[in-house]
Structures are given as C-alpha cells and as structure tokens.
Amino acid sequence: MLIGLSTLTILSCGEDSLTGSQEMQPPSTSGNVMTTAELDGSFLVNSQTHSEKDPQQNHKNFMEMPATVESMQKEEIEDVTDEQLLELGKPVLDITENTVQLPQKLLLAINNQLSALNLNMRELNEAQLESIKRRFQMALRENPNERPEIRKIKAKDIRRMLLDYYDATHSQSLVANTESLDGSSLTRTGTLCESMYNQVGTTVYLYPGDNLNTVSYICGRGLTFFLTRGNYFQQEINNTKSGDTWVGSGATTVLDGMNSTDQAFSGSYLRANSISHLTIQNYTEHGIHSTSSNSVGINIHHVTFKNIAPSKNGKYNSAVNFDNCQNIEVRDTNFQNVSSGVLFTDCFGPLRVNNNEALNPGRNFFQCDKCEGEGIRVNRNTLEHTTGYGNAELEDWINIFDSEGDSTDYIQVNNNRARVHLTNGNASGVSINGSFIILGDTGGENQEAIDNIGVNPGQVGIGAAGGVNIDVIDNIMFSEPIEGISNTAYYSKRILGSETCNNHYFSGNVAHWYCFFSPRCLSDPADPPYLNRASAPTSDSSGDYCGLTNREIRSSSRVFEDTSIDETIWSAW
C-alpha cells in the first residue's frame, strides 16, 4: 500500500484519458471555453474558463497535496501507476484545466522583446503598457509556427513535478519553508511554477482560467505576474510574496469577484507589491486589504475599482484598506460605486493618494485614522456623487482623523475637487453631518487644505474640527440651498473628542454658500435659506474656540463672500 494513497480512489483510466484539458467543446451555459481561433488571434485573448469548483476551492485542494507527497518515499513516487498519479495529481489537473500554454520558444521571444524595452514594471505608464502589447504581437508575428495552445498535463508530467517537489523539500540545501527577511515563508516547490504556468525568467504570463492564488504560492518571490486581458472570476490572492508585481493589460483585465468573493488581494505579505493596470470589481468586503505590519512599500496605480462591498459600511470596508501600513501609494486610479475609497488606520508616512477619480465613493473617498509622519498627501483627486453606495451615506469625502503631520511637512489635502449632483435641489445618499474636507477630527496637528473646489459637497465645505496647526487656504466653495443638508462653507470649532484646539489659520478662501438646515444655521437670525460663508465660536472664551472667533473667520481676508461664483467653478480646477 502506498503511503498517503490508501484513501484515494484509483481511477480506471489511462494516461491520455485524464489530462489538464479535455477535448475542446463549444461554449456551454457553465462558462466560456477558449477556442483555437481565440488562441491564435492574440496573446491577449478575452475568455474565461469556468469549472464546477471555484478557484479558491481548487487552490485549497491543491494545498492539501504537498503534505501527501512529503509523507511518501521517493521510490513510491517513482513506482506508482499512471492511474494513481493522476488521482494524486488531480488538484494540478483541476487548476490547469483549459488553461493556456505558450511554447518555450515563444516565451523566450516574448521575454527578449520585453527585455529590450528595459521598463520598470512597477511604474508602467499607459504609453509603456501599449509598447508592451505591441512587443507581444511582434513576438507572435515573428514566430508563426509557435502558437498558444491548451495546456495538457499527463501522468508523466505529474510524476516529474512531484519528484522535483520531493527533491526540493528534502534537499539538504533547500529547506521547504525558509524564513525571509520580512518574516514570510518561502516555499520550495521545484518546477511546479514553470510546469503549470507560463514562466520565463522573472516573469509569469497569465491568462483567464489561471489560478492566481496558486501561481502566487508556487512561484518565487519578487516576480512579475503579467495578466493578459479577459475576466478572472472569483480570484482571491492571499499568498502574494514580498516584492511581487501584478500588471494587467489595462481596464479589460478584470478580476471579478462575482459578488461571492471577499477581496482580490489580501494577506500578510503584501510588502513591496505593485498592483496596476487592471480592474477589480464585484467583491463583497474589500478590493485590496491587509492588517499586517508588512503592508509597506505598496504601489497601486492605474486600477479601476467597481462595485466593492455593496452591502457593507464604508467605515470598515473599502476598495483599498490598510492597517499598520507605511509608504503606500494610490494614484491614477478610478473608483466607481465602492463602500469607501481608501482607508488607512494606524499608518505612517509617506502615504500618497494622488490624481485619482471617484464616482459614488460611498461613506468616504479617503480617511486617515491615526496616521502620522512626513509625506502624507491627498492631492489632486476629482470626486463626484450621484447616489449612495454601501449601507452608509456619504459622510466626509476626505477625513483626517486624529492624525499628525510633521511640523516641517504638513499633511496635505490640496487641489482636490468634489461635487454632489442634485436632483430637483435634493442630494441623494448624503449625510446631514458630512463635509467635503475635515481636518483635525478628534485632534491631530500639522494639517493643511489648500486650493480645493467644492460644488454642493454636503453639509460643510471645509471644517477644522479640532487639533493644532490647521491651515485652510485659498479654497473655493459653492452650495445651492439644499434643504436639510447645506450649512456652512467653512468652520473652525472644537468638536467633541479633540483634546486640544488652537492655531487654526484661514486665509484667501472664497464662498458662495447657502445654509438651508434650520437647526444649524446659527450665523444669522433670519430664516434659512441664507448665505453662510463661515462660522466659529462667538467668543475666545468659549470652550470650542480654536483661535478664531466668528467675526474673525468671516473677515474678507479669511473667507470672502463672492455671490458671482456658481457651479461652473468645477471647470476652473
């Protein structure tokens, strides 16, 4: 009896009757099967193979296989029948079923073409990505006899993979689980990566149908994973290693959670990862999420997040969500219908969220909760709201909560714009307590909001709610009278929770803003709606005084009232 095989059902099938791919069948209701014409037409094929089991179940089954192999003797692997090998290696067959294999000569041609570009794959811009696509096509044209094909894995291939894995895990020089510098576990898996995926050098080329969690687990650290266009359904990558780079071929590379998968990227070892040029959509909890202190040096750019956490509260769930992080960049990214955009908690600078766009970013587009340090930037983001998303209303577009910038390098919230689209004068899914920008929420220090534009953004334009050394300079705020919501364009006031509140500085701001919220329109005795450009405590002896009285903040040098401005300021950005 073979060790580890006693409980397996031995299949009565020959080597060629159970392979990584069955005979090609026409598309069925269970999913789209890749056709030969699609394979030959382009490297960037747009198709997806479904199996009865979802990718995470297939990965789980695969993860149970190594323990069986490690409990066997090498001679047993060499002597097992083909039928037993196919049963033992069934997780490999399930994962590679109907996946694309590129001939070795073609892989080398692709590698040569891309190497000639000498690009930094972590920082690819859109023009460079187009160059990569052209080089792909060039390699295909120059190798007309080397065509992509459906991967077929036979018993002899599985035997070779298992023997290589056995040697890797039992070698004196290769230890199965080696501790890396960041504490992650480096798993020695022999030739599994190159046998199951299209690997050449430090790059792995992936196609719809490939299991992304498995490729991350079995392949080395610090690799580039290039995802060709198409839909990758129900993928969750929680085994990514330090220094990995994930690059799609643009917005048509889609990781689709199908509203049944928690998140696209997660786990403890996202350190120094780069994720770019793809779409992440229809995930139930987050898009990218980690609570590990290894969330350091992560670069997210040219990503589209769509329909993330539709039934969740954006206070806890978002498209990008990191705790205990440092040196994170989110740039040139689009957020559409997400419970929140970017949430950082207990994180250290540099933290950069710049040049992004959002439509219906849920509760918050951005919140820094107890962040500190130099290089914290939330600059040049354009934000719009037509309706709520998630189970919380739009609260603050940008919230700086109990966070501390450096005395020589303030937290920047600069050159952003936000707009709520009204329907018959009403705002849908907008909180009565929210603001475009809140600085000093529950305290903090060394923060600034400069050159921002707000158009009907909510209850308040920019609020300094507490904290020390808070600068609000050269912003422009406009709001129509929105009944039950619009209050004041600017305020300086200690809100409950802030232990200290002083040195609030306002200068050069402009407003055309109507208050239409009776309980809160306190700056004028008239019935609302009426103009309300700014507010602060009436006296410097007030407990909520932060350095400016109501008379002082409403001076024209601090907040100038200009009734000639209107919603067209949006285009002045």
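The values are calculated or read from the model by the stated rules, or taken from the named source; none is laboratory data. Since we're looking at a predicted model, the values are computed, not measured. Note that we place each Cβ from the backbone using ideal geometry, even for glycine, and neighbour counts take in every protein chain shown. Note: accessible area is taken over every heavy atom of the protein model, side chains too, but ligands, DNA and RNA are not part of it. Shrake-Rupley method; radii C 1.70, N 1.55, O 1.52, S 1.80 Å.
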Tally the residues that are polar (S, T, N, Q) and assigned to a loop (DSSP other than H, G, I, E, B), restricting the search to the range 193-210.
1
Every residue from the range 267-285 that is without any contact (Cβ under 8 Å) to a residue 60 or more places away in the chain, open to solvent by less than 10 Å² (accessible area, probe 1.4 Å) and over 18 Å from Tyr389 (Cα atoms):
Leu270, Asn273, Ile275, Leu278, Thr279
From the option list Asn112, Asn125, single residue qualifying as touching a helix residue (DSSP H, G or I) at 6+ places or on another chain (Cβ under 9 Å), open to solvent by 60 Å² or more (accessible area, probe 1.4 Å) and either modelled with pLDDT of 95 or more or under 27 Å from His301 (Cβ atoms) (or both) is Asn112
Mind checking which residues of the range 252-263 are touching a His at 6+ places or on another chain (Cβ under 8 Å) and not β-branched (Val, Ile, Thr)?
Asp262, Gln263
Limited to the range 319-331, what total is found for residues that are open to solvent by 30 Å² or more (accessible area, probe 1.4 Å) and in a loop (DSSP other than H, G, I, E, B)?
1
Could you check Asp167 against (1) surrounded by fewer than 18 Cβ atoms within 10 Å (Cβ to Cβ); (2) modelled with pLDDT of 90 or more; (3) not aromatic (Phe, Trp, Tyr) and say which number it fails?
(2)
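If a residue has to be among the basic types (Lys, Arg), exposed (fewer than 14 other Cβ atoms within 10 Å of the Cβ) and either touching a residue at least 12 places away in the same chain (Cβ under 8 Å) or not in a helix (DSSP H, G or I) (or both) to count, how many in the range 128-151 make the cut?
Let us first name the residues in the range 128-151 that are among the basic types (Lys, Arg), namely 133-135, 141, 147, 151.
Those left that are additionally exposed (fewer than 14 other Cβ atoms within 10 Å of the Cβ): 134, 141, 147.
Pick out the ones that are also either touching a residue at least 12 places away in the same chain (Cβ under 8 Å) or not in a helix (DSSP H, G or I) (or both) and you get 147.
So the count comes out to 1.
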From the list Asp262, Asp256, which residue is surrounded by fewer than 19 Cβ atoms within 10 Å (Cβ to Cβ) and within 14 Å of the chain's Cα centre (by Cα)?
Asp262
Within the range 304-318, take every residue that is open to solvent by less than 10 Å² (accessible area, probe 1.4 Å) and part of a strand (DSSP E or B) and give me the one that is nearest to Thr333 (Cα to Cα).
Phe305
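Here is a yes/no grid of residues against (1) more than 30 Å from the chain's Cα centre (by Cα); (2) over 16 Å from Ala536 (Cβ atoms); (3) surrounded by fewer than 24 Cβ atoms within 10 Å (Cβ to Cβ):
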{"site": "Asn416", "(1), (2), (3)": "no, yes, no"}
{"site": "Pro457", "(1), (2), (3)": "no, yes, no"}
{"site": "Phe478", "(1), (2), (3)": "yes, yes, no"}
{"site": "Lys493", "(1), (2), (3)": "yes, no, yes"}
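Just a yes or no: is a residue in the range 426-437 hydrophobic (A, V, I, L, M, F, W, C), under 12 Å from Cys371 (Cα atoms) and open to solvent by less than 10 Å² (accessible area, probe 1.4 Å)? It would help to see each step written out before you state the result.
Narrowing the range 426-437 to residues hydrophobic (A, V, I, L, M, F, W, C): 427, 430, 432, 436-437.
Retained after the next criterion (residues that are under 12 Å from Cys371 (Cα atoms)): none.
Looking for residues that are hydrophobic (A, V, I, L, M, F, W, C), under 12 Å from Cys371 (Cα atoms) and open to solvent by less than 10 Å² (accessible area, probe 1.4 Å), one finds none in the range 426-437, hence no.
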Only one of (1) out of contact with any His (no Cβ under 8 Å at 6 or more places or on another chain); (2) of a type in the set (Val, Ile, Thr); (3) not in a helix (DSSP H, G or I) is not met by Ile569, so which one is it?
(3)
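Is it true that Gly297 is within 20 Å of Asp369 (Cβ to Cβ), open to solvent by less than 30 Å² (accessible area, probe 1.4 Å) and of a type in the set (Gly, Ala, Ser)?
On the way: within 20 Å of Asp369 (Cβ to Cβ): no; open to solvent by less than 30 Å² (accessible area, probe 1.4 Å): yes; of a type in the set (Gly, Ala, Ser): yes.
No; evaluated as a whole, the condition is false for this residue.
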Selection from the range 506-523 of residues in contact with a Lys or Arg (Cβ under 9 Å, 6 or more places away or on another chain), at pLDDT 80 or above and either aliphatic (A, V, I, L, M) or surrounded by 15 or more Cβ atoms within 10 Å (Cβ to Cβ) (or both) yields Phe506, Gly508, Asn509, Val510, Ala511, His512, Trp513
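Report, by residue number, each residue of the range 285-294 that is within 13 Å of the chain's Cα centre (by Cα) and not hydrophobic (A, V, I, L, M, F, W, C). Let's see the steps before the verdict.
Taking the range 285-294 as the starting set, the residues that turn out to be within 13 Å of the chain's Cα centre (by Cα) are 285-290.
Matches in the range 285-294: Glu285, His286, Gly287, His289, Ser290.
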With (1) open to solvent by 20 Å² or more (accessible area, probe 1.4 Å); (2) within 16 Å of Trp573 (Cβ to Cβ); (3) of a type in the set (Val, Ile, Thr) as the list, and Ile462 as the residue in question, which single condition is left unmet?
(1)
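Conditions tested, residue by residue: (1) within 22 Å of Ile275 (Cα to Cα); (2) open to solvent by 20 Å² or more (accessible area, probe 1.4 Å); (3) not in a helix (DSSP H, G or I).
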{"site": "Gln56", "(1), (2), (3)": "yes, yes, no"}
{"site": "His59", "(1), (2), (3)": "yes, no, no"}
{"site": "Met65", "(1), (2), (3)": "no, no, no"}
{"site": "Val69", "(1), (2), (3)": "no, no, no"}
{"site": "Glu78", "(1), (2), (3)": "no, yes, no"}
{"site": "Leu93", "(1), (2), (3)": "no, no, no"}
{"site": "Arg159", "(1), (2), (3)": "no, yes, no"}
Can you tell me which condition Trp570 does not meet? The list is (1) modelled with pLDDT of 95 or more; (2) under 36 Å from the mean Cα position of the chain (by Cα); (3) open to solvent by 50 Å² or more (accessible area, probe 1.4 Å), and all the others hold.
(3)
List every residue pair whose Cβ atoms sit under 7 Å apart, with the two residues 6 or more apart in sequence or on different chains, where the first one lies in the range 464-479 and is on the phi > 0 side of the Ramachandran plot and the second, anywhere, is aliphatic (A, V, I, L, M) and surrounded by 24 or more Cβ atoms within 10 Å (Cβ to Cβ).
Gly467/Leu439
